[in-house]
Amino acid sequence: MAQKPLRLLACGDVEGKFDVLFNRVRAIQKKSGNFDLLLCVGNFFGSTPDAEWEEYKTGIKKAPIQTYVLGANNQETVKYFQDADGCELAENITYLGRKGIFTGSSGLQIVYLSGTESLDEPVPGYSFSPKDVSSLRTMLCSTSQFKGVDILLTSPWPKYVGNFGNSSGEVDTKKCGSALVSSLATGLKPRYHFAALEKTYYERLPYRNHIVLQENAQHATRFIALANVGNPEKKKYLYAFSIVPMKLMDTAELVKQPPDVTENPYRKSGKEASIGKQIPAPEEETACQFFFDLNEKQGRKRSSTGRDSKSSPHPKQPRKPPQPPGPCWFCLASPEVEKHLVVNIGTHCYLALAKGGLCDDHVLILPIGHYQSVVELSAEVVEEVEKYKATLRRFFKSRGERCVLFERNYKSHHLQLQVIPVPLSCCTTDDIKDAFITQAQEQQIELLEIPEHSDIKQIAQPGAAYFYVELDTGEKLFHRIKKNFPLQFGREVLASEAILNIPDKSDWRQCQISKEEEETLACRFRKDFEPFDFTLDD
Ligand SMILES: [Zn+2]
């Protein structure tokens, strides 16, 4: 696979010194041949107005190379970046946009996030929020084929990047930088990550993205921070490198470990409990998950005290979730999970679109760890299940729908709470209840009405098979399964004339759609659900 590598340049804060930069680029190109792209991180514009820019803007001068830049990091320069989705600023100079992915014709993938971290609401025009980071992660990491990206561009350094690495000089990475950027880098696994704003050059030793002996080898990440253009100390501000897009490389070549590779700075490694809870523990981060935002609050608190003691174990260390005995389609960390269907991730549970759902918004509430049924859930997981239920009720209600929920703990290994919205105009809650009772009777299934706030745990013994349906009023109808229960019962009733009247959809296998269609539905759900998403709350 002999692919001609792309030749790229990355640059730190330009701060309006366009001539210095472009003259330097010209000199380099004259000496060692042309480069394909120049990527600028940090402050591209200076804070004071300057005539130099006018010359580029009006075309009197021209950048000698296709140049891509990140947006503003302060109020003074917001005005230069009119279009949040990116735009051409001058000939050969393009603003990438607030956040997103740029895929070159070569297949090279560059993810960019403009601005500095902000936890304020509303988010200033020159900042990104936890939401921005989680949406980038969800957008990119939620497909099962996701391996990583070629390049990540951010202006701030990622917090803790110096951990396990060579010295970052005067920059204390436990205090400086953005924890959200660390989270992004953890999820995206860039092969190169460039940042600036600290007015210094730091090339960290490459770090690993996999856990040795626990996960298959993955490519390493090189983090490079660049100084400001034309700095008097002559610190490096321009970095030249060659890269073959990862999608064109074979795996063996891609995952070759450099001899000086180090531990992942953002991960707590086995014995060394040196990083606070703000960084996901290895077992929480397997296969690109999204836990980081949830620990964010804790992380801020902790770092503001400046204590990152090596010895103090965090008192609320979450237990490792239960593991399945074999492959499982629903354990979030397992490779079998169809990640493109995952639409929201909490601390203990997640939401995924049902495969072959009864309707477009048929979702499942699933525990992240391996639990067979609600009876086995620990209190903290139950609490989050309830939170998801309440949130989904509000979400569907806002769309003129009521939620029907059911669980079948029979011939299934991993708890799936099915949540199906039924249009209010379709029928009343009593109609739904009647339909379940009538159709159960027809099939000699004994459905018992159980008191509204009673817990399934009090009714079903661990290990006992059961089915129950929960109505939007909180009423539940419960059936203790002795033997032979129709697996599609819940679906059949909901699909029947009495409720949704889509009898041809009672078998999920008849409802399967293409992966592209599934992706589209998942994308739409994520977007629509966002205003209700409690996992984004502080
Ligand atoms: Zn499982």
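Numbers at a glance
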item: Rg and Dmax [Cα atoms of the range 71-157; Å; Rg one decimal, Dmax integer]; result: 13.6, 41
item: Partner lysines for Lys4 [C-alpha distance under 19 Å; skip if fewer than 8 residues away on the same chain]; result: Lys247, Lys256
item: Computed P(r) (all Cα pairs; the range 496-538; 10 Å bins; percent); result: 23, 28, 35, 13, 1
item: Accessible carbon and sulfur surface of the range 143-186 relative to its total accessible area, %, 1.4 Å; result: 50 percent
item: Of every Cα-Cα pair in the range 447-533, the percent that sits beyond 18 Å; result: 64 percent
item: Probe 1.4 Å, accessible area per residue of the chain, Å²; result: 45 Å²
item: Solvent-free Debye scattering, log10 I(q)/I(0), computed from the Cα coordinates of the range 369-498 at q = 0.10, 0.14 Å⁻¹; result: -0.30, -0.61
item: Base-10 log of normalised Debye intensity for the range 91-140 (one unit scatterer per alpha-carbon) at q = 0.29 Å⁻¹; result: -1.14
item: Under 21 Å from the Cα of Lys99 - lysines, other chains or at least 8 residues apart; result: Lys79, Lys131, Lys147, Lys159, Lys189, Lys527
item: List Lys30, Lys235, ordered by accessible area with a 1.4 Å probe, largest first; result: Lys30, Lys235
item: Positive-end residue of Leu9, Phe44, Asn23, charge dipole of the range 1-55 with Cβ unit charges; result: Leu9
item: 3J(HN,Hα) from dihedral phi, the range 52-68, Karplus parametrisation 6.51/-1.76/1.60, rounded to Hz, x for glycine, proline; result: 4, 4, 3, 5, 6, 4, 8, x, 5, 10, 9, 5, x, 8, 4, 10, 10
item: Partners for Lys387 among lysines (Cα-Cα distance below 17 Å; same-chain residues under 8 apart left out); result: Lys397
item: Rounded Å value of the spacing that divides the Cα centres of the range 335-359 and the range 10-26; result: 46 Å
item: Residue order for Arg480, Arg208 - accessible surface, 1.4 angstrom probe, largest first; result: Arg480, Arg208
item: Phi-based couplings in Hz for the range 85-91 (Karplus 6.51, -1.76, 1.60; Gly and Pro marked x); result: 8, x, 6, 7, 8, 7, 4
item: Accessible-area ranking of Met246, Met139, largest first, probe 1.4 Å; result: Met139, Met246
item: Within the chain: Cβ-based charge dipole about Cα centre, in debye rounded to nearest 20 (Lys, Arg +1; Asp, Glu -1); result: 2040 debye
item: Hydrodynamic radius (Kirkwood) for the range 381-439, which is based on Cα pairs only, to one decimal in Å; result: 12.8 Å
item: Under the Karplus curve 6.51 cos²θ - 1.76 cosθ + 1.60, θ = phi - 60°, whole-Hz ³J(HN,Hα) for the range 78-84, x wherever Gly or Pro sits; result: 4, 4, 6, 10, 6, 9, 4
item: Beta bridges per DSSP with both ends in the chain, % antiparallel, nearest 5; result: 65 percent
item: Viscosity 0.692 mPa s, temperature 37 °C, Stokes-Einstein D of the range 196-235 from Kirkwood C-alpha radius, µm²/s; result: 271 µm²/s
item: Cα gyration tensor of the range 103-210 - equivalent ellipsoid semi-axes, whole Å, descending; result: 21, 19, 13
item: Over the range 167-226, equivalent-ellipsoid semi-axes from the Cα gyration tensor in Å; result: 23, 12, 11
item: Volume in Å³ per residue [convex hull over Cα atoms, computed for the chain]; result: 171 Å³
item: The range 40-83: Rg to Rh, with Rh as the Kirkwood radius over Cα pairs; result: 0.95
item: Base-10 log of normalised Debye intensity for the range 1-128 (one unit scatterer per alpha-carbon) at q = 0.16, 0.17 Å⁻¹; result: -0.82, -0.91
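The values are calculated or read from the model by the stated rules, or taken from the named source; none is laboratory data. Since this is a predicted model, take the numbers as computed values, not measurements. Ideal geometry is used to build each Cβ from the backbone, glycine not excepted, and the neighbour counts take in all protein chains shown. These accessible areas exclude ligands, DNA and RNA; they are computed on the full protein's heavy atoms, side chains included. Shrake-Rupley method; radii C 1.70, N 1.55, O 1.52, S 1.80 Å.
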